[in-house]
Amino acid sequence: MLNSCLCSMLGLRYPIFQGGMAWIADGRLAAAVSNGGCLGIVAAGNAPADYVAGQIDIAMELTKGEKPFGVNIMLMSPFADEVAALCAERKVAVVTTGAGNPAKYMDSWQAAGIKVIPVVASTAMAKLMSRAGASALIAEGGESGGHVGDTSTMALVPQVCDVTELPVLAAGGIADGRQMAAALMLGACGVQMGTRFLVAEECCVHQNYKDKVLKANDLATIVTGKRLGHPVRSLKTPFARDYFKAEYSQISDEELENMGVGALRKAVQEGNLQEGCFLAGQVAGMVKKAQPAAEILREVAEGAEDVLKGAAQWVK
Ligand code: TUI
């Protein structure tokens, strides 16, 4: 049986978090993951606080208030302040943050007894968050889907572990037991996965999105948005290819920005390949079947356990 300090800290069976995927990680998916013994996370994305409150209610109802779950706050959202206040008010078990520095909210979350677990993409942010009172860190490498940093998980995780005493979760490039075991060998105490949950039975994305992930191979993703300073990894679709070309054309930054407006929603809700942005990580090529979230979690955790049990073969 896998065990880690995150299991006792958060009351989990396996030390696996579900990533806070905007428009995707709703109360139903979060509850399925939490009911599977891991940490489900409701993503606030760019949504206002009343949407997030509704999803917290759904997760609470589906977990019967008996399992912990978290809320992910996307710090670039115009509603970040109100969602941050909502989390404090509702005293959610865990807040994870992405795409920025959550320092200004830390005191209010700590006063509410919330465990704050920021996503970091650099050792500088890892040090800052350790000093600011985080309970753990998620070191997310550039293999991940969505907003990405420059450093790969293989390089980032041990470097983050070296600058903090906090438990570290690895994210980016993790979809099976081998990768989970490797992350633990790098010094992580757990992992966060996103892409693998895109095809979970409880995941709300449009069937076109699921099909695109199921058909993906190792070269199926592309990073766009570097010109505007927000690199984002997504599946190669007509939209992503057009956007990539536009970045290197004469069009203005404003026009480029406008091309991306509403693109996540169009992918998730409409399955629109021409105008939608299908965020996914480099592991999309490993996701081969639709399954209930709890089955995914068991498969990854038991797979990691098997690999770890066999690890002694490498030592004479
Ligand atoms: O945040 C993510 N993944 C995301 S956010 C998102 S929504 C979005 N849409 C369009 C453009 C940009 C975002 C889709 N996917 N992952 C966690 C993450 N956080 N990755 C990188 C970071 C990060 C970046 C900068 C964390 C801290 C940071 O610090 C900035 C600073 O203030 O120094």
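The values are calculated or read from the model by the stated rules, or taken from the named source; none is laboratory data. Remember, it's a predicted structure, so these values are computed and weren't measured experimentally. A quick note on method: Cβ atoms are made from the backbone with ideal geometry, for glycine too, and the neighbour counts reach across all protein chains shown.
Residues are listed down the side, and each one gets a yes or a no for (1) among the β-branched types (Val, Ile, Thr); (2) farther than 15 Å from ILE296 by Cα; (3) in contact (Cβ under 8 Å) with a residue 24 or more places away in the chain:
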site	(1), (2), (3)
PRO158	no, yes, yes
LEU186	no, yes, yes
VAL191	yes, no, yes
GLY194	no, no, yes
LEU214	no, no, yes
LEU228	no, yes, yes
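Of the numbered criteria (1) part of a helix (DSSP H, G or I); (2) under 17 Å from MET193 (Cβ atoms); (3) more than 14 Å from the ligand (Cβ to nearest atom), the one LEU156 fails is (3).
Among the hydrophobic types (A, V, I, L, M, F, W, C), outside any helix (DSSP H, G or I) and in contact (Cβ under 8 Å) with a residue 40 or more places away in the chain: is that true of MET1 in this structure?
On the way: among the hydrophobic types (A, V, I, L, M, F, W, C): yes; outside any helix (DSSP H, G or I): yes; in contact (Cβ under 8 Å) with a residue 40 or more places away in the chain: yes.
Answer is yes for this residue.
The number of residues in segment 24-60 that are free of Cβ contacts under 8 Å to residues at least 24 places away in the same chain and of a type in the set (D, E, K, R) comes to 1. Across segment 227-237, the qualifying residues are those that are at pLDDT 95 or above and of a type outside the set (S, T, N, Q), and the one among them that is nearest to the ligand (Cβ to nearest atom) is VAL232. I'd like to check something: does segment 180-199 contain any residue that is basic (Lys, Arg) and crowded, with 24+ Cβ neighbours inside 10 Å? So far as segment 180-199 goes, yes, one or more of its residues are basic (Lys, Arg) and crowded, with 24+ Cβ neighbours inside 10 Å.
Listed here are the residues, each with its yes/no results for (1) within 23 Å of TYR14 (Cα to Cα); (2) of a type in the set (S, T, N, Q); (3) in a helix (DSSP H, G or I).
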residue: ALA139; (1), (2), (3): yes, no, no
residue: SER144; (1), (2), (3): yes, yes, no
residue: ILE174; (1), (2), (3): yes, no, no
residue: ALA182; (1), (2), (3): yes, no, yes
residue: ALA188; (1), (2), (3): yes, no, no
residue: GLU202; (1), (2), (3): yes, no, no
residue: ASN217; (1), (2), (3): no, yes, no
residue: VAL223; (1), (2), (3): no, no, no
residue: HIS230; (1), (2), (3): no, no, no
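Taken as a whole, segment 262-279 holds at least one residue that is more than 24 Å from THR151 (Cβ to Cβ), small (Gly, Ala, Ser) and at pLDDT below 95.
Residues considered: GLU247, GLU270, GLU254, GLU275. Of these, the only one that is away from the ligand (no atom under 12 Å from the Cβ), more than 28 Å from VAL191 (Cβ to Cβ) and in contact with a His (Cβ under 8 Å, 6 or more places away or on another chain) is GLU270. Tallying residues that are surrounded by fewer than 24 Cβ atoms within 10 Å (Cβ to Cβ) and among the β-branched types (Val, Ile, Thr) within segment 25-70 yields 3. The criterion of at least 3 residues that are touching a residue at least 40 places away in the same chain (Cβ under 8 Å) and crowded, with 18+ Cβ neighbours inside 10 Å is met by the following helices (runs of 4 or more DSSP H) wholly inside segment 237-316: 293-309.
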